Every structure is written in C-alpha cells, then in structure tokens.
Amino acid sequence: MPAARSSSARSGTTTWQRVGSGSESPVVMQARAETPLSVSRVRPAYQQVADQLRQLILEGRLCVGDRLPSEGELASQFGVSRSTVREALRALASRDLIHTTRGPTGGTFVSQVKVEKISDYLETSIGRLSGDKGVTVQEMLEARDVLEVPAARLAADRRQACHLEAMRAAIEREVATRGRNDRFAEHRDFHQVIVEASGNVLLGMMNEPVFRVLQAKFLRPTVPEGFWATVDHDHGALLTAIGDRDAVAAGQLMADHLVALRDAYTE
C-alpha cells in the first residue's frame, strides 16, 4: 500500500487531518486536539513605553524631581513615534507618577508620592470592588485584623505622650456623643491614633481606606443593646495597655475588640 499523505484544515481549536489519496484509497477525516501555544499577548506600544518608565521609577533610577528627556528624545530612544510617547506619559501622569510644568524651566518630572492620594485611590478601588462583590465584608474585616493587631503591638512600643492624650480625648468624646454616626466618627478617630502611634505609614495608608468603605457601605442602621458601652470599655483597656507599653496585651485586646466590632456591619 502506498504511503499516506496528509493535509489539514482548522476549525476552532480542532485540526482535521485528511488521510489517504488516489482513486483506490478512501478519504478519511480524523480529528485531533490542537495544543494551544503558550504566548503572551502583545501590549500596545505606548503601554510598553509606560511600563519601562514606570519600572525605572520603581527601581529608583528615576528619582523624585528628576526631569525626563523630551518627547523627541524618548521617541528616539524607544524607537517609537512622539504620539506614542505622549500617550505613555499621559498614562503615567494619570497614576500621579509624573507631572508636567510649563515655562523656561518646565518639563516632565517624577512626582513625589503622596500618602493621601494613594489612600484615596485605594478607598475608591475597594469601594468599587465591594459593590461588584469582588471583595466581601468578611474579607475587609479580616484585612483589619491583619493590619490593626500588629499596629496595636507596635503602638505599645512606639507611642508618645501626644498619642495617649489623643486616644484619651477620643474616648471622652465617644462617651459624650449620642448620635450613631458621631459616635462612630470618634471610634474611628481612636483607631486612627493607634495606627499613627505604630509609626508605620503603610499600615495607616492601607487600613484607613478599608475603614472608610466599611463605614460608608456596611455599617448597620442599628447595633445590639450595649454595643457602644462595650466599645468604650475596650478602648479604655487598649489605652491602658498601650500606655503601659504592654505589646502582648495590646495585640490581644485589639484582636478581641475587632471580633466584637463585627456586629456593627452587615454581611
């Protein structure tokens, strides 16, 4: 029997292979699965330019205040058009990585990172994710556990007299406040002071957006009887532990307190 020759025609992800030729040989169509190639999608040119500039900023090879080369120089270095460079710079500016000034000494410069802007961006993003069910209330409450328990331990080691005074004042305002939203505001202030006393800017930058989304979207209209009295008691105990520089007790008290606070939020 003569050797079979084959040809193929594709349909979707299946390759159809024709086997047999000549008038004496029947034509048989055999299907075999096609193995997809492991490839990465090609990103737009402007995005590739933006990615490289962003990486230079993250690595510190471009520092705050550094002036970037002109659009023409960047276009030449990257081998792209000026319009592509312009689009890449717009993408970086939209993320507050660079800014442009006009005038004789103007140009495009690496921006100073502002904690407030990052915190606001995180709040917006977390809020949108929670609305799309991409992030659940349970996950946000767990994130607070991860952030605020170590913050309380650090606060016990690093707190200053001004932090203790601010926590004491927040508790006094809590006790004197009747309105639900006002009481929550003082409660929030107390927690903010603890995170600030930890001396870790990142903890505050990450914790505050979670706190604000929980308050804005998931705070129950009513809370169980005696809820706020328990909050006041817990805050007093935390103040004492942090004042005594007892990091172990401060961490445990915060962990227990955050569990009790879950009754304030809808699932």
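The values are calculated or read from the model by the stated rules, or taken from the named source; none is laboratory data. As the structure is a computational prediction, the values presented were derived from the model and not from experiment. We place every Cβ from the backbone using ideal geometry, glycine too, and count neighbours over all the protein chains shown. Only protein heavy atoms, including side chains, enter the accessible area calculation; ligands, DNA and RNA are left aside. Shrake-Rupley method; radii C 1.70, N 1.55, O 1.52, S 1.80 Å.
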Subject >> Subset of the stretch 240-251 [part of a helix (DSSP H, G or I) and crowded, with 16+ Cβ neighbours inside 10 Å] >> reply: Ala241, Ile242, Gly243, Ala247, Ala249, Ala250, Gly251
**OP:** Could you please let me know if Val201 is farther than 16 Å from Ala169 by Cβ, surrounded by 21 or more Cβ atoms within 10 Å (Cβ to Cβ) and modelled with pLDDT of 90 or more?
**Re:** no
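For the stretch 90-119, which positions are part of a loop (DSSP other than H, G, I, E, B) and either over 15 Å from Ser70 (Cβ atoms) or of a type in the set (Gly, Ala, Ser) (or both)?
In the first step, residues of the stretch 90-119 are kept if they are part of a loop (DSSP other than H, G, I, E, B); the result is 95-97, 102-106, 111-114.
Arg95, Asp96, Leu97, Gly103, Gly106, Ser111, Gln112, Val113, Lys114 - these are the residues of the stretch 90-119 that are part of a loop (DSSP other than H, G, I, E, B) and either over 15 Å from Ser70 (Cβ atoms) or of a type in the set (Gly, Ala, Ser) (or both).
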Original post:
Going through the stretch 78-101 one residue at a time, which ones are open to solvent by 80 Å² or more (accessible area, probe 1.4 Å) and out of contact with any helix residue (DSSP H, G or I) (no Cβ under 9 Å at 6 or more places or on another chain)?
Top reply: Ser94
**OP:** Return yes or no: is Ile194 hydrophobic (A, V, I, L, M, F, W, C), in contact with a His (Cβ under 7 Å, 6 or more places away or on another chain) and either exposed (fewer than 15 other Cβ atoms within 10 Å of the Cβ) or on the phi < 0 side of the Ramachandran plot (or both)?
**Re:** no
Subject >> Residue selected from the stretch 55-69 under the condition under 22 Å from Gly103 (Cβ atoms) and open to solvent by less than 60 Å² (accessible area, probe 1.4 Å), by the criterion nearest to the chain's Cα centre (by Cα) >> reply: Leu62
Original post:
Taking the stretch 150-179, which residues are within 18 Å of Gln252 (Cα to Cα) and surrounded by fewer than 19 Cβ atoms within 10 Å (Cβ to Cβ)?
Top reply: Pro150, Asp157, Arg158
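Looking only at the stretch 209-223, which residues are over 16 Å from Val149 (Cβ atoms) and either assigned to a helix (DSSP H, G or I) or open to solvent by 60 Å² or more (accessible area, probe 1.4 Å) (or both)? Break it down stepwise before answering.
Just the residues of the stretch 209-223 that are over 16 Å from Val149 (Cβ atoms), to begin with: 209, 212-223.
Of everything in the stretch 209-223, those that are over 16 Å from Val149 (Cβ atoms) and either assigned to a helix (DSSP H, G or I) or open to solvent by 60 Å² or more (accessible area, probe 1.4 Å) (or both) turn out to be Pro209, Arg212, Val213, Leu214, Gln215, Ala216, Lys217, Phe218, Arg220, Pro221, Thr222.
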